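The values are calculated or read from the model by the stated rules, or taken from the named source; none is laboratory data. In this text, all values refer to a predicted model and were calculated from it rather than measured experimentally. Methodologically, a virtual Cβ is constructed for each residue, glycine included, from the backbone with ideal geometry; neighbour enumeration extends over all protein chains shown.
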Amino acid sequence: MERDEDLLRAYFSPSRDDIALEDIDLGRIPSHVSIIMDGNGRWAQARGLDRSKGHVAGVDSLRETVTTSVRLGLDALSVYAFSTENWKRPQREVELLMHLFATTLVKELPLFHQENVRLRFLGDLTALPKKTFDVFQQGLDETADHTGMTFALAVNYGSRAEMTRACRTLAERASAGTLDPADIDEAMVSSQLYTAGMPDPELLIRTSGELRLSNYLLWQLAYTEFYVTDMYWPDFDRWEFLRAIRSFQGRDRRFGGVINR
Ligand code: FPP
């Protein structure tokens, strides 16, 4: 994706003691970054606040992260906002999150228009409250013509459910006689996932220090580099994003092969 380098330099100015824009190679920015946003609740509890305040603060981090991604010229940013397991949280918290998703999306639509961001969703949206569903649909419709970065929100998303759904679709076609099982290959499986048509993430960032995937993009993350930060999500900012990219650029990516030296 194109980027405006003057705007980018201004955005990362003045630099921090330990990190500057010059520390990364702009020719090797990952095209798709995915983020497991974790630690909103602990951020709030550490301040003696209700967990809901952590989610509200998390929205500010997400807005900054979308802007940073556009400035850096990413093709795609995806974030894990609500998992298929998150329905087990107290009803009040689930309701608050659904409300927050809807209100935030409406509020941020002008930003998506301004930055030419195209929205998409990963997950089964049919289980969402009607208001949230309708607003998501509005977001999809209003940004469908945008040609800039893709911003994918994973909501009611679970990787095992996603793969099960893909298996079922292909099995149905096979039993209807329209698909020869011998023709099923990796590309066909990928085309049945919510991420169909998107490149796999090159970098996965997880906040709040947990070292697990939590049923997120299990297929798509096969060769992805991980960056785990102890920061809680509401503390995540453009500088930590830059540190993650610096770390990513320091890795040898071999994809199972060897490096020719
Ligand atoms: C993880 O913190 C965060 C979530 C489950 C929700 C993510 C939601 C936001 C960042 C709010 C804005 C999102 C959108 C799409 C508008 P946690 O509650 O798991 O924190 P904990 O692990 O400390 O309990």
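Filtering TRP219, TRP233 for residues that are within 16 Å of the ligand (Cβ to nearest atom) and of a type in the set (Phe, Trp, Tyr) leaves a single hit, TRP233. Report, by residue number, each residue of region 132-153 that is within 25 Å of LEU96 (Cβ to Cβ), small (Gly, Ala, Ser) and out of contact with any Ser or Thr (no Cβ under 8 Å at 6 or more places or on another chain). Selection gives GLY139 alone. On inspection, MET163 qualifies as surrounded by 13 or more Cβ atoms within 10 Å (Cβ to Cβ) and away from the ligand (no atom under 16 Å from the Cβ).
Is it the case, given these coordinates, that ARG118 is more than 10 Å from the ligand (Cβ to nearest atom), basic (Lys, Arg) and at pLDDT 95 or above?
On the way: more than 10 Å from the ligand (Cβ to nearest atom): yes; basic (Lys, Arg): yes; at pLDDT 95 or above: yes.
Against the criterion (more than 10 Å from the ligand (Cβ to nearest atom), basic (Lys, Arg) and at pLDDT 95 or above), ARG118 qualifies.
Filter region 208-237 down to the residues that are within 21 Å of GLU85 (Cα to Cα) and among the charged types (D, E, K, R), then identify the one that is surrounded by the fewest Cβ atoms within 10 Å (Cβ to Cβ). Among residues in region 208-237 that are within 21 Å of GLU85 (Cα to Cα) and among the charged types (D, E, K, R), the one surrounded by the fewest Cβ atoms within 10 Å (Cβ to Cβ) is ARG212.
Here's the yes/no breakdown for (1) within 15 Å of the ligand (Cβ to nearest atom); (2) surrounded by fewer than 15 Cβ atoms within 10 Å (Cβ to Cβ); (3) small (Gly, Ala, Ser); (4) closer than 29 Å to LEU72 by Cα:
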position: LEU97; (1), (2), (3), (4): yes, no, no, yes
position: THR126; (1), (2), (3), (4): no, yes, no, no
position: GLU172; (1), (2), (3), (4): no, yes, no, no
position: GLY197; (1), (2), (3), (4): no, yes, yes, yes
position: ARG206; (1), (2), (3), (4): yes, no, no, yes
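Residue count for region 208-228 under the criterion of being over 16 Å from ALA152 (Cα atoms) and touching a strand residue (DSSP E or B) at 6+ places or on another chain (Cβ under 7 Å): the result is 9. Evaluating LEU77 against the criteria (1) over 30 Å from ARG160 (Cβ atoms); (2) more than 10 Å from the ligand (Cβ to nearest atom); (3) not in a loop (DSSP other than H, G, I, E, B) leaves one unmet condition, (1). For the residues ILE29, ILE36, ILE24, the requirement of being of a type outside the set (Gly, Ala, Ser) and within 11 Å of the ligand (Cβ to nearest atom) singles out ILE36. Part of a helix (DSSP H, G or I) and either away from the ligand (no atom under 16 Å from the Cβ) or among the hydroxyl-bearing types (Ser, Thr, Tyr) (or both) - does that describe any residue in region 44-62? Checking region 44-62: at least one residue is part of a helix (DSSP H, G or I) and either away from the ligand (no atom under 16 Å from the Cβ) or among the hydroxyl-bearing types (Ser, Thr, Tyr) (or both).
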